[in-house]
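Participant: Before we start, here is the structure in question, set down as structure tokens.
Read-outs throughout are calculated quantities, based only on the coordinates presented, and are distinct from any laboratory measurement. Owing to the predicted nature of the structure, the values given are computational and were not obtained by experimental measurement. For neighbour counting, all protein chains shown are included, and Cβ atoms are generated from backbone atoms with ideal geometry for every residue, glycine included.
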Amino acid sequence: MSNEIRLHGRGGQGTVMAAGILAQALAEEDKWAIAIPTFGFERRGAPVSAFLRVDDKPIRSLTNIYHPDIIVCIDQTLGRAVNIFAGMADGATLVLAGRKPASEMNLPASARRLGLVDAVSIAMELFGRPITNSVMLGALARTTGIVSLAALCRAMEESHFRDAGLAQNLTAIRRGYDETQVSTLKESCHAHA
């Protein structure tokens, strides 16, 4: 099993942190994983991406990911500023924060699976602000099966949230997992050339 994952978000939303927690959770499940952060404009609200490779054998490549199998977008407004689908591999899986049903989304024709969760509403309820990274980790686990919910929760417990916000972040992961709607994409959901 080899996957390349690209995570998109905005500065201050914990995109890079989410990639690190995911890598730790995957390692707990005896997978090889490496998180590769990208830093450009390091200001709150600026587009940010992080990359993660996962495999059953040691990983040698430490470069950015240009043709991801899985794309996670933790900010539902980011698609207006950045082409989050650029370079997406054929048959890719998308894990998106948003309220729109899949039938109303304009998605690339090569995407085959979609996990969709109203992450902002969950984050606002739990944290009082739209920090959706923990919710989207749960959504990723539900959509792909690449990592277990238990491993994500253990990795979160071992992160720096041990003292502040741990209970809320664990709840966010579980709710992201439970509330994600997963579907196989049909032609009506895809962008038409």
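Participant: Excluding A150 itself, what net charge comes from residues whose Cβ is under 15 Å from its Cβ, given Lys and Arg +1 and Asp and Glu -1?
Facilitator: -2
Participant: What ³J(HN,Hα) values, in whole Hz, does the Karplus curve 6.51 cos²θ - 1.76 cosθ + 1.60 give for the stretch 89-106 when θ = phi - 60°, with x put for Gly and Pro?
Facilitator: Those phi angles translate into 5, 4, x, 5, 9, 10, 10, 10, 8, x, 9, 4, x, 3, 5, 9, 9, 9 Hz.
Participant: So which trypsin sites (Lys or Arg not before Pro) in the stretch 1-79 pass both tests, a DSSP loop state and at most 15 other Cβ atoms within 10 Å of the Cβ? Display every interim value, and only then the final one.
Facilitator: Working: sites: R6, R10, K31, R43, R44, R53, R60; in loops: K31, R43, R44, R60.
Those satisfying the criteria are R43, R44, R60.
Participant: Let me have the relative contact order for the chain, percent, based on Cα pairs under 8 Å that are six or more residues apart.
Facilitator: 22
Participant: Helices from the chain with mean Kyte-Doolittle at least -0.5 and a Cα length along the axis of 15 Å or more, per DSSP H: which? Walk me through the numbers before you get to the answer.
Facilitator: Working: long enough: 15-28 (20 Å, 1.36); 133-144 (16 Å, 0.56); 166-179 (19 Å, -0.69).
Membrane-span-like by this criterion, though nothing is claimed about a membrane: 15-28, 133-144.
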